[in-house]
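Just below is one structure, and these are the notes that go with it.
The values are calculated or read from the model by the stated rules, or taken from the named source; none is laboratory data. Small disclaimer: the values here were computed from a predicted structure and weren't measured. Note: ideal-geometry Cβ built from the backbone for every residue, glycine included; neighbour counts use all protein chains shown.
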Amino acid sequence: MNKFSKLIKAVGLILQRPALLNLILKDEQVLQQAFEKEFPHLELQQTDVFGWPEAAQLTIAPYAFLSGSSMATDFALLQLLCRRYSVETYLEIGTWRGESAANVAPYVKEVFTLNLPDQTLLEMGMSQAYIASHRFFLKDLANVSHLFGDSATFDWTPYKQKCDLIFIDGDHSTEAVERDTRTALGLRKSEKSILVWHDAKSDGEYPRYEVLLGIYRALPAAMHGKLYLVKHALCAVYLPDGADAAQIQLNALPNRQFEIGLKNINL
């Protein structure tokens, strides 16, 4: 939806219910309303992968604690999935510093990671420091292959029906998430392949409807029942074999705690 269409929709809503102005200013609440209108019978499910035996002890490395990254639990999720389901080929849309790819590389046969070319980032007005940060943690990893292009126009032909796990972490607009999800469906090696979306939640608890709209629009209705938000993380995951899950309860009392040890490694 373009900006003009959004404006027309916003004006219509305000005329009907002036109090909605506060919701429109926040935008995410309007997106939630759109989601609930489009999927009126859908209840968001949440699964807790950190109850799996493989999650008893995890090491997240590298982790930079810098802007634009993921939660440590997001990287832990990707590790857990790769280990639990014996992932061989992992592909991600959105490289950034390379932390996600670096965290899964020890557990898979091959990693493919797509990002915009440096020249494109330069033409977009990005700083040299920002551009230099891309792929920083992937310099010495032999099983990582770098792909360059826009996910909307990239030639995905060599990777179709090849991937065991696809991690979608590119443009988070509804339209882009829907497009990348449709692309990911064609990249699956089989119906047993796993899909993961980053930033499907705005924090460790609250859903992010801008992203969820794109996901649910792209997935066939038959797959909706095996799509879960991940407790303690920002991700959503599609697990073909299903998982123990429950309806989301916001601001519920914690049912587990984590212990984090920090080891400072100078670069």
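For segment 167-178, filtered to residues that are among the charged types (D, E, K, R) and more than 21 Å from Thr89 (Cα to Cα), the residue that is surrounded by the fewest Cβ atoms within 10 Å (Cβ to Cβ) is Glu175. Within segment 138-166, residues that are under 15 Å from Arg182 (Cβ atoms) sit with their Cβ atoms under 6 Å from residues that are part of a loop (DSSP other than H, G, I, E, B), at 6+ positions apart or across chains, in these pairs: Ser151/Gly170; Gln161/Lys189; Cys163/Lys189. Against the test of being over 21 Å from Gly68 (Cα atoms), hydrophobic (A, V, I, L, M, F, W, C) and in the same structural domain as Ile166 (by TED's automatic domain parsing), the options Leu229, Leu239 yield a single qualifying residue, Leu239. Before we move on, is Val211 at pLDDT 95 or above, out of contact with any Pro (no Cβ under 6 Å at 6 or more places or on another chain), in a strand (DSSP E or B) and not small (Gly, Ala, Ser)? The answer is no for Val211. Only one of the numbered conditions (1) out of contact with any helix residue (DSSP H, G or I) (no Cβ under 8 Å at 6 or more places or on another chain); (2) at positive phi is not met by Gln161, and that is (1). On the basis of being touching a residue at least 12 places away in the same chain (Cβ under 8 Å), out of contact with any His (no Cβ under 6 Å at 6 or more places or on another chain) and among the polar types (S, T, N, Q), does Ser100 make the cut? Taking the combined requirement at face value, the residue satisfies it. Residues in segment 47-56 that are surrounded by 15 or more Cβ atoms within 10 Å (Cβ to Cβ) and part of a loop (DSSP other than H, G, I, E, B): Asp48, Trp52. For segment 128-138, the criterion of being among the basic types (Lys, Arg), in the same structural domain as Leu81 (by TED's automatic domain parsing) and in contact with a Gly (Cβ under 7 Å, 6 or more places away or on another chain) is met by at least one residue. Suppose we filter segment 139-164 for residues that are exposed (fewer than 10 other Cβ atoms within 10 Å of the Cβ) and either basic (Lys, Arg) or modelled with pLDDT of 95 or more (or both); how many remain? Adding up the residues that qualify gives 6.
When segment 157-191 is filtered for residues that are closer than 23 Å to Arg217 by Cβ, under 19 Å from the mean Cα position of the chain (by Cα) and part of a loop (DSSP other than H, G, I, E, B), the ones remaining, listed by number, are Asp169, Gly170, Asp171, His172, Ser173. Tell me, yes or no, whether segment 189-210 has at least one residue that is surrounded by fewer than 22 Cβ atoms within 10 Å (Cβ to Cβ) and aliphatic (A, V, I, L, M). No: zero hits.
One line per residue, one yes/no per condition, for (1) touching a helix residue (DSSP H, G or I) at 6+ places or on another chain (Cβ under 6 Å); (2) modelled with pLDDT of 95 or more; (3) closer than 29 Å to Gln257 by Cβ; (4) not in a helix (DSSP H, G or I):
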{"position": "Leu58", "(1), (2), (3), (4)": "yes, no, yes, yes"}
{"position": "Thr73", "(1), (2), (3), (4)": "no, yes, yes, no"}
{"position": "Thr95", "(1), (2), (3), (4)": "no, yes, no, yes"}
{"position": "Ala105", "(1), (2), (3), (4)": "no, yes, yes, no"}
{"position": "Phe137", "(1), (2), (3), (4)": "yes, yes, yes, no"}
